[in-house]
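Have a look at the structure below, then the notes.
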Amino acid sequence: MKKYLYILLFATCQFFITNSSYSQTPNAKANPKAVKLYNQGLESASDGKFDNAIAYFLQAIYLDSNYADAYVSLAGVYSQTKKDDLAVEYYQKAIAKDTAANKVFKLNLAINLAGTGNFNKALEVINDYLSNPKLGPVSRKSGEYRKRTIEFALLQEKKNGPRLFSPKNLGDKVNTSVSEYFPSLSIDGSQLFFTRKVRGFNEDFFSAKQGNNDWANALPLDGNVNTEDNEGAQMISQDGEWLVFAANNRRDGWGGFDIYISFLTPQGWSEAMNIGGNINTDQWESQPCLSPDKKDLYFASKRFGGYGGSDIYVSHLQPNGTWTNPENLGPAINTPADEQCPFIHADNQTLFFTSDGLPGYGGTDLFYSLKGPKGDWSVPENLGYPINTRHDEGSLFIAADAKTAYYASDRSDSKGGLDIYSFELPQNVRPNKTLWVKGKVFDKKTTKGLPSAVELIDLATKQLMSKVQTDERGNYLITLPVGKDYAFNVNRKGYLFFSDNFFLTNRSPDSTYEKDIPLQPIEANASVVLKNVFFDVNKFDLKPESEAELDKLVQLMNDNPTVKIQIGGHTDNVGKPADNLSLSNNRAKSVVSYLVSKNISPQRLLAKGFGETQPVADNKTEDGRALNRRTEMKVISQ
C-alpha cells in the first residue's frame, strides 16, 4: 500500500490535503533516496509549506522518473496552489505511469482541466471516470457533481464565447506579504479602501489615494475606527463619508458578528457604533454595502427565517435616522445554500453577490441581478469563466465606469496571501455606466450652506430614482446612471425649489458635473426657471415628461397656501413676434391649467406670455435659443 497526496474539493472553497491509499506495484522498488525526499515533501505540504513540498517532489522525480507517488502528490500541491496547468501535466504523467492512478485520479484531472478552461477535455475525462462500474457511491456522487459544473461551463462558453481576463496586481504600494482584501472605492475613484491582516491575526482598514496614474502608499485610516480588535468586510459609501463593516465580540454587540458604522469627521474616522438591533441579531451579520444614496443597506446574515445558510437582506434608512427591519431579498436571489458579499453598483440597480447554491463552475461563484421598477429582482446571471472558476470567488467591486472591477485573489503573482487586483469586466455583464453630480446648496442672498433634499427623477416614468440629503454645510453628491433622462430637483422649506435636467438616454459623456445651487427664499419677485417643463416645437400641449416637475410646483403651492405666482412663457426669436407671443401665452396657460387640475386655486395663479421680448441668452446660437425657450415661475406675493 502506498500513500498519495491529493486534493479534496469542498463546496466551501476550502481545500484540504490528505492521503489516499491504493494498491500500487511499480513503486514498490522506488529509489530509497527518492522515497526519503518524497516523505519530506509530504511533511512540508502538511505544514502548508508548498514551495518546499514542490522542491522535494521534483527532486524525488529526478532521482526516480517512474515514481508515480511523487507525480501525483506534486500534481496535488499544484492544484492546491491554483496552478491548474501544472497539476494537469503531472496528473497526466502519473496516469501514464500507473494504471491504478488512472482509475483513482481522473476526477482530479478533470477538475484541473476545468481549472484551465479546457472544458471539452474535462468532460471527456469525467465521462471516462464515471464509466467505471466499480466506483463507490461517494466517488460517483462527486464525479456527477463535477460533470454538472463542466456541462454548465460548456453551455456558458457557447452562449458568451471566449473572454479575455488579465487581472492586474495593484502593486507594492497597496499589496504586501500579508493579505489585503475587500476593496472598495469612492465614486470618483480617487481613494481605495480595503482590509489588511496585520500582526498575523488582527484586521484593520487601510486606504490609498490615486495620483499620477498610480496608487500612493496605503496608510491606516485616520481617526478611531481601527482598534485592537478585528474590523473587516468594510464598504465605503459612494460619497466617501460613511464606512460600514463587520466586527464580533464587542461590548455593544448582539452576539456573533454585527454590523457597525463609522463617519468621516475633520479629525478622521469616528469611533464605530453598532448599527442597531433592527439589523443585528445574536446570529451572524456581515459584509454590509450601502446603496449610492445611502438609503439602503444590503448585508449577509444567517439569522433564522431565511432560505438556508447565509441569505442577503436589505434594510432602509428612515427619516428619523433608524433602519427598518431587514427584508430578505427572496428566492430569486437566495437559495438553501450560502449567498454572500452583496455589492450594489453606483447605478443603484445592479446587485453583485456570491452563491454556492446557484448553478456554477464549482464552489462559490459571482452573480449579478437587476432590480426592477417595483423592487423585484431578475433571475441571477453567472459572471462566467474566467472570472468564475472551480475555486471560490469572493467579493467584487465595480467602479462607476461600469467596466473596471476590483477583487482579491491569491494568484501566482501575489505578494503574499490575498492581493487586490483590477481587471476589465466583460461587456455583457457590465452594469450601467454611472456619472455623478456634486456641489453645494446655499442661500442665494446670504451664501450660507443649506441642508436640503436632492432628488433625481426618471423623466419617462416619473419614478424617483434617488433622493439624498446634503450634509449640514449643504454639500451633496448624487449618482447619474447613463441611459435615462432625469429631472434634478433640490427642495428646502421656505425656498423656491431648484430644477435642472440631465439628458443621458442618447449620449454617454465622460465628464461628471459640479453644480453649486443657490436657493431663493420665497419672497415677492423671486423666480425660478422650470427646466423640466417640455413642449413640442410650435405647440403648447404639455409633454408627459413635464408632470414630475409640475407636481413639485403643486407641492410648493400646497406647502405655502398664501403664495401667489405668475407662470411666464418665453420663446426665442425664430418666427414672427406675434406668433411667438401667442405661443408663449398659450404655453403659460397650459401650465396654469395643469395646476388648477391639481386643485390649486385659479385666484393664486396668473399666466402671461412674453414671446421673444425677454431673452436671457444670445439668439444667434442654438444653445442660446434653447435657453430663451423657457417656462418661468415668479412669486407675485406671499
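Read the figures in this text as sums done on the coordinates, not as results from a lab. This is a predicted model, so every value here is computed, not measured. Glycine also receives a Cβ, built like all others from the backbone with ideal geometry; neighbour counts cover every protein chain displayed.
By the Stokes-Einstein formula, at 0.890 mPa s and 25 °C, the range 119-169 with its Kirkwood radius over alpha-carbon pairs has D equal to 196 µm²/s.
Taking trypsin sites (Lys or Arg not before Pro) across the range 534-638, the ones in a DSSP loop with at most 11 further Cβ atoms lying within 10 angstrom of their Cβ are Lys620. Tell me, how many Å apart are the Cα centres for the range 141-174 and for the range 336-382? About 17 Å separates the Cα centre of the range 141-174 from the one of the range 336-382. Each of Lys598 and Asn169 was given a label point 7 Å from its Cα along the Cα-to-Cβ line. The distance between the two points is 5.9 nm.
Adding -39500 (n - 2.57) for every DSSP H run of four residues or longer, then dividing by how many residues the chain holds, sets the calculated 222 nm ellipticity at -7500 deg cm²/dmol.
Looking at the range 168-429, the pairs of alpha carbons with a distance over 26 Å make up 37% of the total.
Per the Debye calculation on the range 105-227 with a single equal scatterer at every Cα and no solvent contribution, log₁₀ I(q)/I(0) for q = 0.16, 0.22 Å⁻¹ amounts to -0.81, -1.11.
Length gained on full extension, Asp229 to Arg250: 6.7 nm, using 0.36 nm per residue less the C-alpha separation. The calculated FRET efficiency for the pair Ser177 and Asp128, based on their C-beta separation and a Förster distance of 51 Å, comes to about 0.75. Long hydrophobic helices in the chain: the complete DSSP H runs spanning 24 Å or more by Cα along their own axis with mean Kyte-Doolittle hydropathy of at least -1.0 are 577-597.
The calculated pair-distance distribution of the range 162-210 uses every alpha carbon pair, bins of 10 angstrom beginning at 0, and gives 22, 48, 24, 6, 0 percent.
Across the range 44-67, the residues whose backbone nitrogen lies under 12 Å from the label position 7 Å along the beta-carbon direction of Lys33 are 59-64. Cα convex hull of the range 433-521: mean projected area in nm², to one decimal? That works out to 5.4 nm².
Between Lys608 and Asp551, the FRET efficiency estimated from the beta carbon spacing at R0 = 35 angstrom works out to 0.95.
Evaluated at q = 0.14, 0.22, 0.23 Å⁻¹, a Debye calculation over the C-alpha positions of the range 474-595 (equal weights, vacuum) places log10 I(q)/I(0) at -0.73, -1.34, -1.38. The stretch between Asp401 and Lys448, if pulled fully straight at 0.36 nm per residue, gains 13.6 nm over its current Cα-Cα span. Over 19 Å between C-alpha atoms is what I'm after, so list which of Lys531/Lys552; Lys295/Lys444; Lys440/Lys493; Lys403/Lys462; Lys158/Lys433; Lys374/Lys598 land there. Where the Cα-Cα span goes over 19 Å, the pairs concerned are Lys295/Lys444; Lys403/Lys462; Lys158/Lys433; Lys374/Lys598. Separation of the range 509-530 and the range 569-611, taken as the distance between their Cα centroids, equals 22 angstrom. Calculated FRET efficiency, Phe201 to Phe263, Cβ-Cβ distance, R0 = 25 Å: about 0.35 to the nearest 0.05. The simple spin-label model puts a point 7 Å past each Cα toward its Cβ; for Ala617 and Ser46 those points are separated by 7.8 nm. The mean of 1/r over all distinct Cα pairs in the chain, once inverted, gives the Kirkwood hydrodynamic radius of 28.4 Å.
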